[in-house]
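Accompanying notes for the structure given below.
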Amino acid sequence: MSLRALLRKELSWSKHNVAALVVLLLLVPGTAAYTSVAFQSVIPQDAPVAVTPANDEVTENELEVVDAAASLFADPVRYDSEQRAMDDLKRESVYAVVEVPPGLLNESRDSTVNLTVDGSMVLFDKPSEAMVGLLNVRLSQSVPGSVSVDRTVVGGEHTLAEYLVPILLMGVTLLFSLAYVPYNLAAEASAIERVRMESSLEALVASKLLFFSAVMLVPIGVFGVFIWQLEYAIPAASAGVVLIVLLTFVTLSSISMALMLVTRFDVTGRFLAVILLFGLVAVGGLIYPAGFFSPIRRQIVRAMPVHYAMIVLRGEMLRSVPLSTYADYVAIVAGSAVASLAALEGSIIAYRRGD
């Protein structure tokens, strides 16, 4: 065949695969480029910070003064209970707790405001030190007496390497469920009719979910071995880690397989799964917590079930708190798994009707 004939053949193929090319040449690079925006700033802006009284003697005016000072660098959220504020600190609902002492507006009294941060939130360490300086300056200008701001770290401090471990484990989960699983299902496209005659599509996808869920225990074990060998100050594994990883895997694998069935095993389905992978990296709150983003993007992050899965995984590996602390977050991830399984069944039904 001549070069002209070969080029004509490629043009003909492209005309019949416009959807795949649009996804590959426009949506995938567009999503990848947008992902870079998520990492343009490592300084949290308007992060939620709890403001709570040290005791019942603290007045409303004293709380308002601290609210005003904290609003320069954060979004102050009022808490009546210090314990509830500390619980939300562990749950990443707030990223610091500012405890207001009584007598802050008494000019004859020396006051100390305490700012507490969670040591497991490694990326918040330096910003929290800057917050102490800003709060010190602002309060010194706002109150008549002498005031100082102390910083307290709770929960034990971790290195950046330790902080990255749950992120990398979640990354492996995303990659396996959104890249390998749809590829594996597409590889059996030619045998689908035989499978439907001998069994059912439901049995096929169920077998893959069960098998690959068991396979996911291998990377969890590998991470555990390296954690032990590198002597990281985090647990090698726990029931909570296994639970949240498998729930996330089932959720994303069900979605990626549903995409393959809806697109009838076309390459477009795999590209869409890749777009979802990039999108979750960009807006899933995997590396930078939700508090590092603008208020609008923070709402987008908190609409993603993988965001809650990441919080639970960080909690299990970096914080010494019971899994029950994140009971509602686990319920969100479990509910997402059920919903994705229902969507997978819907895609199977649609696939049959398309015959």
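Here are a few things to note about the model shown:
- In the condition set (1) farther than 30 Å from Leu204 by Cβ; (2) among the hydrophobic types (A, V, I, L, M, F, W, C); (3) in contact with a Gly (Cβ under 6 Å, 6 or more places away or on another chain), Val306 is compliant with all but (1).
- Residues that are touching a Leu at 6+ places or on another chain (Cβ under 6 Å) and open to solvent by less than 40 Å² (accessible area, probe 1.4 Å), drawn from segment 267-279: Gly269, Ala273, Ile275, Leu277
- Count of segment 107-147 residues which are in a strand (DSSP E or B) and within 14 Å of Val66 (Cβ to Cβ): 7
- Residue list for segment 89-106, restricted to those being open to solvent by 30 Å² or more (accessible area, probe 1.4 Å) and outside any loop (DSSP other than H, G, I, E, B): Lys90, Glu99
- Scoring Ser256 on the criteria (1) in a helix (DSSP H, G or I); (2) in contact with a helix residue (DSSP H, G or I) (Cβ under 7 Å, 6 or more places away or on another chain); (3) under 30 Å from Gln83 (Cα atoms) leaves a single failure, condition (3).
- Residues in segment 116-126 that are crowded, with 19+ Cβ neighbours inside 10 Å and among the acidic types (Asp, Glu): Asp118 only.
- Any chance Gly224 is of a type in the set (Gly, Ala, Ser) and closer than 24 Å to Ala342 by Cβ: no
- Taking the criterion of being assigned to a loop (DSSP other than H, G, I, E, B) and open to solvent by 20 Å² or more (accessible area, probe 1.4 Å), the residues of segment 291-318 that qualify are Ser294, Arg302, Ala303, Met304.
- Residues in segment 149-192 that are part of a strand (DSSP E or B) and surrounded by 14 or more Cβ atoms within 10 Å (Cβ to Cβ): Val149, Arg151, Val153, Val154.
- Phe249 modelled with pLDDT of 95 or more, part of a helix (DSSP H, G or I) and not charged (D, E, K, R): yes
- Residue match in segment 56-75 (condition: surrounded by 14 or more Cβ atoms within 10 Å (Cβ to Cβ), in a strand (DSSP E or B) and modelled with pLDDT under 95): yes
- The residue of segment 234-249 that is nearest to Gly346 (Cα to Cα), among those that are of a type in the set (Val, Ile, Thr) and open to solvent by less than 30 Å² (accessible area, probe 1.4 Å), is Thr248.
- Search result, residues across segment 319-348 that are touching a residue at least 60 places away in the same chain (Cβ under 8 Å), in a helix (DSSP H, G or I) and within 22 Å of Ser120 (Cβ to Cβ): Leu323, Thr325, Tyr326, Tyr329, Val330, Val333
- Qualifying residue in segment 151-173 (condition: farther than 30 Å from Glu231 by Cβ, in contact (Cβ under 8 Å) with a residue 24 or more places away in the chain and among the hydroxyl-bearing types (Ser, Thr, Tyr)): no
- Residue within segment 343-353 that is within 16 Å of the chain's Cα centre (by Cα), open to solvent by 50 Å² or more (accessible area, probe 1.4 Å) and of a type in the set (Asp, Glu) present: no
- Filter result for Val113 (out of contact with any His (no Cβ under 9 Å at 6 or more places or on another chain), open to solvent by 50 Å² or more (accessible area, probe 1.4 Å) and β-branched (Val, Ile, Thr)): no
- Complete set of residues in segment 216-233 that are open to solvent by 30 Å² or more (accessible area, probe 1.4 Å) and assigned to a helix (DSSP H, G or I): Leu217, Val218, Gly221, Val222, Phe223, Val225, Phe226, Trp228, Gln229
- Scope segment 193-212; condition buried (at least 16 other Cβ atoms within 10 Å of the Cβ) and either part of a loop (DSSP other than H, G, I, E, B) or at pLDDT 90 or above (or both); matching residues: Leu209, Phe212
- Residue in segment 322-338 that is open to solvent by 10 Å² or more (accessible area, probe 1.4 Å), under 27 Å from Ala203 (Cβ atoms) and aliphatic (A, V, I, L, M) present: yes
The values are calculated or read from the model by the stated rules, or taken from the named source; none is laboratory data. Since the model is a prediction, treat every value here as computed from it, not as a measurement. No Cβ is skipped: glycine too gets one built from the backbone with ideal geometry, and neighbour counts run over all protein chains shown. The protein model used for the area step is the full one, side chains on, heavy atoms only, and it has no ligands, DNA or RNA in it. Shrake-Rupley method; radii C 1.70, N 1.55, O 1.52, S 1.80 Å.
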